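Q: Take a look at this one; I'll ask things after.
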Amino acid sequence: MKTSGNTILMTGGGSGIGEALAHRFHDRGDTVIIAGRREEALQRAAAGRDRIHTITLDLEDTASIDAFAKQVVADFPSLNVLFNNAGIMKFEDLTTRRDLTDAEATLAINVLGTIRLTNALVDHLKGQPDAAIVTVTSGLAYVPLVAAPTYSATKAAIHSYTVSLRTQLAGAIEVIELAPPGVQTDLTPGQANRPGYMPLEAFADAVAAQFAQQPTPPEILVDEVQFLRQAEREGRFDETLKTLTERAAKQRQAVGD
């Protein structure tokens, strides 16, 4: 991925990781289109940066994705990077019958939204120089957080999808996976202040530094996520799952959520 001069579409760009990275890409010389469901959040995220543009997008609305993609390409024909960042996370109790609304929404946004938007833009991107697709997964793709089972499963699915995408698009589009650790954002209630999670600005700085490398690593992994990313490879999956489960419970209790 070029280190400046890109035109980047960032889903989930109105807050959290998407907003922080949009700011860093803008400030290094990229044009960034941030997309999300809340126009007011997008406008706030774009304020004061003349190369950040906003457009609303609801990835649960299947029918609107193709129209959205056509609009973005028409308005920004130099678009060469798709950054699939949008996602939601819900805590779930699997021990009894429940309403599956949250689980279905998580699958629709995190998995199908990524696949559908990538599908809608892949032909355009193949015709662009220095084209790239970035998927945001999670350390939980490798060791699940049992309190968020559907979220963890969606990130594992997108990791697998990214491997296939990278292989099929080799030589045509660069495919990069960004797998964050727990980061202090508003992804879940109380997470922005949850002890033990990586501060957002420190995370964004570390990620920006890796995106500045040439060539760009196929996996963007900050030090804090290696505990999860390497667990199975290092033969400590069961131990890590136990540690993660216990640690997460304590962290959530510490802020009363």
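The values are calculated or read from the model by the stated rules, or taken from the named source; none is laboratory data. Fair warning: this is a prediction, and the values are worked out from it, not measured in the lab. Neighbour counts run over all protein chains shown; Cβ positions are idealised from the backbone, glycine included.
Q: Going by what's in this entry, would Asp50 be described as loosely packed, with under 13 Cβ neighbours inside 10 Å, charged (D, E, K, R), out of contact with any strand residue (DSSP E or B) (no Cβ under 6 Å at 6 or more places or on another chain) and closer than 28 Å to Ser4 by Cβ?
A: yes
Q: Does Pro149 count as touching a residue at least 12 places away in the same chain (Cβ under 8 Å) and either surrounded by fewer than 21 Cβ atoms within 10 Å (Cβ to Cβ) or not charged (D, E, K, R) (or both)?
A: So Pro149 fits the description; yes.
Q: Does Asp58 satisfy the criteria of being more than 30 Å from Gly190 (Cβ to Cβ) and charged (D, E, K, R)?
A: no
Q: Let me ask something additional. Looking only at residues that are more than 16 Å from the chain's Cα centre (by Cα) and on the phi < 0 side of the Ramachandran plot in segment 171-190, which one is modelled with the lowest pLDDT?
A: Pro189
Q: In this structure, is Arg49 touching a helix residue (DSSP H, G or I) at 6+ places or on another chain (Cβ under 9 Å) and assigned to a helix (DSSP H, G or I)?
A: Spelling it out, it is not the case that Arg49 is touching a helix residue (DSSP H, G or I) at 6+ places or on another chain (Cβ under 9 Å) and assigned to a helix (DSSP H, G or I).
Q: Exactly one of (1) in a loop (DSSP other than H, G, I, E, B); (2) touching a His at 6+ places or on another chain (Cβ under 6 Å); (3) not small (Gly, Ala, Ser) is unmet by Ile33. Its number?
A: (1)
Q: Pick from segment 192-244 the residues that are hydroxyl-bearing (Ser, Thr, Tyr) and at pLDDT 95 or above: which of them is nearest to Arg166 (Cα to Cα)?
A: If we take residues in segment 192-244 being hydroxyl-bearing (Ser, Thr, Tyr) and at pLDDT 95 or above, then Thr216 is nearest to Arg166 (Cα to Cα).
Q: Restricting attention to segment 185-242, and to residues there that are among the β-branched types (Val, Ile, Thr) and assigned to a loop (DSSP other than H, G, I, E, B), which single residue is farthest from Ala147 (Cα to Cα)?
A: Across segment 185-242, the extreme among qualifying residues is Thr216.
Q: So, Ala120, is that one surrounded by fewer than 18 Cβ atoms within 10 Å (Cβ to Cβ) and among the small types (Gly, Ala, Ser) or not?
A: Against the criterion (surrounded by fewer than 18 Cβ atoms within 10 Å (Cβ to Cβ) and among the small types (Gly, Ala, Ser)), Ala120 does not qualify.
Q: Hey, among Ile52, Ile34, which residue is under 25 Å from Arg166 (Cα atoms), of a type in the set (Val, Ile, Thr) and modelled with pLDDT of 95 or more?
A: Answer to the selection: Ile34.
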